[in-house]
Amino acid sequence: MMTQYQTITAADTVLRDGTIKLHGPEGFEGMRRAGRLAAEILDALAPMVKPGVTTGEIDDVVRQMTLDGRAVPATLGYRGFAHSCCTSINHVICHGIPGDKVLKDGDIINIDVTPLLDGWHGDSSRMFLVGDVALKARRLIDVTYECLMIGIEQAKPGRRLGDIGAAIQKHAEASRYGVVREFCGHGLGRLFHDAPEVIHAGRPGTGPELKPGMFFTIEPMINLGKAGVKMLEDGWTAVSRDRSLSAQFEHSIGITEDGCEIFTTSPKGLHKPPY
Ligand code: MF3
Ligand code: CO
Ligand code: CO
């Protein structure tokens, strides 16, 4: 199928019509602000992720910080999701629902936030360590962060989406980890989830060509064991089928003339644990 691109300006109505949107300077400015807020929220969470805290308490802080930043949590009310972030512990791959669950020593957790600020979505997630975490879990987290950054290295004009997925898959599989296929990165901007799908595996030289002005996330989910996914009864929580630990990091980026801009870089340099 032909990939269609659409140059949009602030005045355009943006539809989820399968086209890849190409944004101008006002889009970059909007994403910079939304992305910075996402990163500031994740920075602020680092000291509170400790044994004894509940995922609901984390969600409360995310909601309050998002509102204080003059934004709204894009996940709140999204397809029936009733929370301000996703909290995915241990073998939970993604979309864990905040609630009464108490964090305990040795857990690993992904927290995924998406403030919607002045019409732009800043989508980012990081892993956090709860107390003393086993070496094999810390290694998984390090390699998952490397997968994200290795994917981002491929994000430049002239490369294709498949180059990103291939680089991530190669790095993860070198450690014999499983790359989750059921969930992808995604175009975003004025829409939360838009074209293209950013698959975290694939063949080099395949898929849509990357062009300046494209905005999308890269958010590899890497399992310590096999790549298979199982959905829980709640309809949201995705876990590894073999119950092995799973890790994820996510940045929102924009393709520039000669590379890309990461919108969700940590102002405090808290890129990966230990923080
Ligand atoms: N932030 C997630 C992503 O990276 C989406 C969460 S949707 C929710 O795309 F409804 F589960 F919150
Ligand atoms: Co995302
Ligand atoms: Co996200």
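The values are calculated or read from the model by the stated rules, or taken from the named source; none is laboratory data. Quick caveat, the model's predicted, so the values are computed rather than measured. A quick note on method: Cβ atoms are made from the backbone with ideal geometry, for glycine too, and the neighbour counts reach across all protein chains shown. Ligands, DNA and RNA are stripped out before the accessible areas are found, and what is left, the full protein with its side chains, is counted by its heavy atoms. Shrake-Rupley method; radii C 1.70, N 1.55, O 1.52, S 1.80 Å.
Okay, here's what the table says:
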quantity: Residues in region 237-275 that a label on Gln6 would reach, taking backbone N under 12 Å of a point 7 Å out along Cα→Cβ; calculated: none
quantity: Prolate/oblate/rounded label for region 78-198 (Cα gyration tensor, a/c 1.5); calculated: oblate
quantity: Nitroxide proxy distance, nm - points 7 Å out along Cα→Cβ at Arg70 and Thr13; calculated: 2.7
quantity: Computed over the chain: relative contact order in percent, which uses C-alpha pairs under 8 Å that are six or more apart; calculated: 22
quantity: Descending Cα extents along the principal axes, the chain, whole Å; calculated: 48, 43, 36
quantity: Paramagnetic reach from Asp60 in region 97-115 [backbone N under 18 Å; point 7 Å along Cα→Cβ]; calculated: 97-104
quantity: Aspartates and glutamates whose Cα lies under 12 Å from that of Lys211, excluding same-chain neighbours fewer than 8 positions away; calculated: Glu257, Asp258
quantity: At q = 0.13, 0.24 Å⁻¹, base-10 log of I(q)/I(0) for region 1-56 (Debye sum, equal scatterers on each alpha carbon); calculated: -0.57, -0.97
quantity: Region 79-110 and region 152-192: distance between their alpha carbon centers, rounded to Å; calculated: 23
quantity: Rg(Cα)/(2.2 N^0.38 Å) for region 119-190, N = residue count; calculated: 1.27
quantity: Gyration tensor verdict on region 169-258 (Cα atoms; rounded if a/c is under 1.5, prolate if a/b is larger than b/c, oblate otherwise); calculated: oblate
quantity: Pairwise label distance in nanometres, Asp242 with Ala134, each label 7 Å out on the Cα-Cβ vector; calculated: 1.4
quantity: Kirkwood Rh and Cα Rg combined as Rg/Rh, region 1-105; calculated: 1.07
quantity: Å² per residue, accessible surface of region 114-166 at 1.4 Å; calculated: 35
